[in-house]
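K.L.:
Provided herewith is a single structure, encoded as structure tokens, for subsequent inquiry.
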Amino acid sequence: MQPLSLDNPQDFIRDHTEVLAPPLVPEIKLHLATETVDIWEQTEEALGEMGLPPPFWAFAWAGGQALARYCLDNPDIVKGKRVLDFAAGGAVSGIAAKLAGAETVIASELDPFAIEACRANAALNGVELAMELGDVVGRFDDWDVIIAGDVFYEDEPARHIGGWLEEHARRGTTVLIGDPGRSFLPSGRLNKLAEYTVPVTRDLEDREIRQAKVWSFKAT
């Protein structure tokens, strides 16, 4: 296997994943890890750093799958729109938005390897995504729709991200959140739009099924 390097992220992605369809969105193919611990350890070894977070881009998380399913089943939400796939991971929901007819989709990520995974996954599905490496929280660009899956893991970042997304909603942006009940989801400020039963990886979720919901912010 190729070592992980900023010079060959596409090789690392290909060598450590398989092309699979997430269970809730069989229309989409992704480069996905089949061995959670293995790819985690390979990433730490290659980067020479222990205690790294999971390579989020290598898994189809429940919230992202729910958003993807919702976009495919409700294409008018994104058709002809400028869409931001925030904290895209492997871009399952961004790819779904593009397949559903979005004019443009920007996949934003802090992790350069996630950006490369988004690029590789877009190519698998014959769609074009724009890539944004860096922190977009706090920006108010001309996005029509923001889709955000599985972003409410930790208290302070959740409050920071949630406030930014809610302000976008106040300004008229359609904000869709995919989440299976993470601890810091601001559910009291949200309306449930849809709910899906999603098979997940026990290594990551400590269970085999999650009930993932798609949410929007309540009108204020």
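The values are calculated or read from the model by the stated rules, or taken from the named source; none is laboratory data. Not measured: the values here are computed from a predicted model. Here the Cβ is made from the backbone with ideal geometry for all residues, glycine too, and neighbour counts use every protein chain on show. These accessible areas exclude ligands, DNA and RNA; they are computed on the full protein's heavy atoms, side chains included. Shrake-Rupley method; radii C 1.70, N 1.55, O 1.52, S 1.80 Å.
K.L.:
Pop the C-beta distance of Arg171 and Asn74 into the FRET formula with R0 = 22 Å and round what comes out to the nearest 0.05. Let's see the in-between values first.
P.N.:
Numbers: r = 22 Å, r/R0 = 0.99.
Given R0 = 22 Å and the Cβ-Cβ separation, E is 0.50.
K.L.:
Can I ask one more? In the range 119-220, what percentage of the DSSP-assigned beta bridges are antiparallel, given to the nearest 5? Don't skip to the end; give the middle numbers.
P.N.:
Details: 12 of 17 bridges.
Of the beta bridges lying entirely in the range 119-220, close to 70 percent run antiparallel.
K.L.:
When you count, for each residue, the other Cβ atoms within 10 Å and take the mean per peptide, how do 76-84, 136-144 rank with the highest first?
P.N.:
Working: 76-84: 19.4, 136-144: 13.7.
Ranked from most to least packed, the peptides come out as 76-84, 136-144.
K.L.:
Right, next: For the range 111-220, just say rounded, prolate or oblate: build the C-alpha gyration tensor, square-root its eigenvalues into a ≥ b ≥ c, call rounded for a/c under 1.5, and beyond that prolate if a/b exceeds b/c, oblate if not.
P.N.:
Numbers: a/c = 1.57, a/b = 1.04, b/c = 1.51.
In terms of gyration-tensor shape, oblate.
K.L.:
For the range 61-220, report the accessible area per residue in Å² (1.4 Å probe, heavy atoms, rounded to an integer). Could you put the intermediate results ahead of the total?
P.N.:
Numbers: 6880 Å² over 160 residues.
The answer is 43 Å² per residue.
K.L.:
Now for a separate question. Taking 0.36 nm per residue of sequence separation and subtracting the Cα-Cα distance, how much length would be gained by fully extending the chain between Glu128 and Gln211, in nm to one decimal?
P.N.:
Working: separation 83, 0.36 × 83 = 29.88 nm, distance 2.99 nm.
Between Glu128 and Gln211, full extension yields an extra 26.9 nm.
K.L.:
Where in the range 86-156 are there GluC sites (Glu not before Pro) that are in a DSSP coil and have at most 14 other Cβ atoms within 10 angstrom of their Cβ?
P.N.:
Working: sites: Glu103, Glu109, Glu116, Glu128, Glu132, Glu154; in loops: Glu103, Glu128, Glu154.
For GluC sites (Glu not before Pro) across the range 86-156 that sit outside H, G, I, E and B with at most 14 neighbouring Cβ atoms in 10 Å, the list reads Glu103, Glu128, Glu154.
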